[in-house]
Structure formats: structure tokens, C-alpha cells
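The values are calculated or read from the model by the stated rules, or taken from the named source; none is laboratory data. In this text, all values refer to a predicted model and were calculated from it rather than measured experimentally. Counting neighbours? That spans all protein chains shown, and the Cβs are built from the backbone with ideal geometry, glycine included. The protein model used for the area step is the full one, side chains on, heavy atoms only, and it has no ligands, DNA or RNA in it. Shrake-Rupley method; radii C 1.70, N 1.55, O 1.52, S 1.80 Å.
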Amino acid sequence: MPVRSIAAEELGPALAGGEAGAQIRDWCAALEAGSVLYFPQTPIPIPEGDLKTLLSGSQTDSRLHKNIAYKPNRDELTGVDAKTLPAEAVRELHAIMRRYSASVEEFLSRFLAPYRKRWVLDYASYRPIEEQGRDLSVRRRNDLLHTDAFPTRPTRGWRILRFFHNIHPTRTRDWVTGEPFAKVVGHFTPSAIPAPQADGALARAGKQAAQAVGLGKLIPQWKRTPYDEFMMRLHNTMKEDAAFQSSCVREEVQFAPGSSWMVYTETVPHAVLAGQYALEQTFLVDPAAMIEPGSAPIRVLEVMTGTKLA
Ligand code: SIN
Ligand code: FE
């Protein structure tokens, strides 16, 4: 999967070009086609004090869960044990994540100008745990090549865009990426493609899951669709297929300390092998906002199956 590197000197002039900027459209198109857009020097520097707090050992101790999430729509921080972590420390982490989330949205409002903010600002996360050798169940392991799908947050065809920042002061964050989406899908289909008819039980389960995480009120229409079912199954199947994991084509990518990158993780197969301390912000992007609408996985799958999947 090609990595498109964007130097700090290129960024200023491109952003000054505004929405019509040909360079920006070119980067967006590359992103949609499966490139990782890589900023060797992050365009969103973290305030010095915030960085110090995020890197201090106190944030990795057992009082913190392994997955610390910030939910911008409710201004809520989850994954911290408020019973044992001092209230002041929780407040500080909450404020840092709020600032981080807002700064990424501000930057992408400019960088992804062609999309005209046709997205939902999803969760941000803080990843303080060493990725190498984590003891997780197969489906939760991120060191196995996979495409992303959320068990509790169906996207109904909206794309999953993730913006990362390696905040480790000296170590790289080590990924591998796989072959293009259509090729990977071809490897697993047709068995992985669900029956196209609407499934009442499936829709109900999706609604319950959405309500359980509080999204029900906000976006009640976001039920699980055949598309979501397929994407979830693809995620699980890729991780569980040992032969695929050992034989598939992969490319190593190392993200430098202080760098950022973004990628459509629902289409670009990826895995993280090593690294510690990262920040991440997720966006759900309207597939109709794409410069090349045919690049959205829902369109790819609909063409492949000849049916509507959402
Ligand atoms: C993942 O999305 O699989 C994990 C990526 C990372 O934490 O670097
Ligand atoms: Fe992932």
C-alpha cells in the first residue's frame, strides 16, 4: 500500500490554495484509493505540558484501562478508573483529549476541504500501552492484519478515516499494511458476503447495540446493514485465518516519533506490531463526499454483488 509522504514545506502552500487546491484534491484522491498520507512532522503539535502528562508513567498504570476513549459529541472520557485515579488527573487527561480532538478536527476541516465536513466526528483514543506482545483475544488483536469494523457502531457505508500521532519521544510505531481492498475481498468471497435481503433480527441487534453505547438517540437511523455485517465478518475472518495471516502480501511501514498519518482503515488492511504512546481521532465520512465515489468500499461491494448493501 503506497505511503504518500507530505513534507511540512508542501503543506502550507497547499492549504493556502483553499478548497479548489489541486494538490489537496490529489492527496484526498490518493487517500481514497488506499494510500497512507504520512506527515513525517505532525501538522498538529501537542502542547508541551500535555505531552509531558501523556508520556508520564502515571498514565500507563493499572488504574487506566487499555483503551482510553474520548467521545466528542458527549464530551466524555471513558477507560479511566475514576475511583482510584485522583479526580485532578482524570480532569487533566479529559482536557488534553478534548484539546487533541478539537485540534485534529480543525486541521482536517482545512486539509479535507473537498469533503466540506461531511463527516461525523467519532471517538478519539489515547494508546499508552506497548503494542508488542499484548495479550488479547484473536478478534481484539491489532498485530494481525485486518480492516476495521466496529461491533457496536455500524457505519451504514460511511468510511472510517483515522488520524494518528506517534507521541513516543524516540521510538517508531511499526505497522504492516496489506493488499488493496478489492483484492483482499476477492480472497475471502463469496462466502463472506451476506445474503442481500434485509434482516430484521440483524437490524434490531444493531439498534440495541447503538442504544447501549448511547448513539441511539443521536443517530437512530444507524442500524446495522448488510454492509456492516459484511465488514464485521471480513474483520473477524481476516484475523482468524492463520493461513491468510502467514501467506498474505504485506509491507512494513515505520512511523517516526513525532509524526502523524491518516488512512481509511476500513479498506486498507493494517496491523500494528510495536510502538507505545499514540493518539488517534476517528471520523466517519460520507461516501458521497468522496472525490472518487467509486472508491468507497460500499460501492466496491455493491458492484461486486450487484445488490444494494445499505
Ligand atoms: C489498529 O487500528 O489496528 C491499531 C493501529 C494503532 O494503534 O497503531
Ligand atoms: Fe485497526
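Quick one: divide the alpha-carbon radius of gyration of segment 57-189 by 2.2 N^0.38 Å and tell me what you get.
Here the Cα radius of gyration is 1.20 times the empirical estimate.
Given points 7 Å out from each Cα along the Cα-Cβ axis, report the VAL303 to THR84 separation in nanometres with one decimal.
Label-label distance for VAL303 and THR84, simple model: 5.2 nm.
Using 0.36 nm times the number of residues separating GLN245 and ARG4, minus their current alpha carbon distance, what extension gain do you get?
Taking 0.36 nm per residue and subtracting the Cα distance, the gain is 84.2 nm.
So how far apart, in nm, are the two label points at ASN73 and ALA102 if each is 7 Å from Cα heading toward Cβ?
It is 2.0 nm.
Keeping the other protein chains in place, figure out the carbon and sulfur percent of the accessible area of segment 7-52, with a 1.4 Å probe.
The nonpolar share, carbon plus sulfur, comes to 58 percent.
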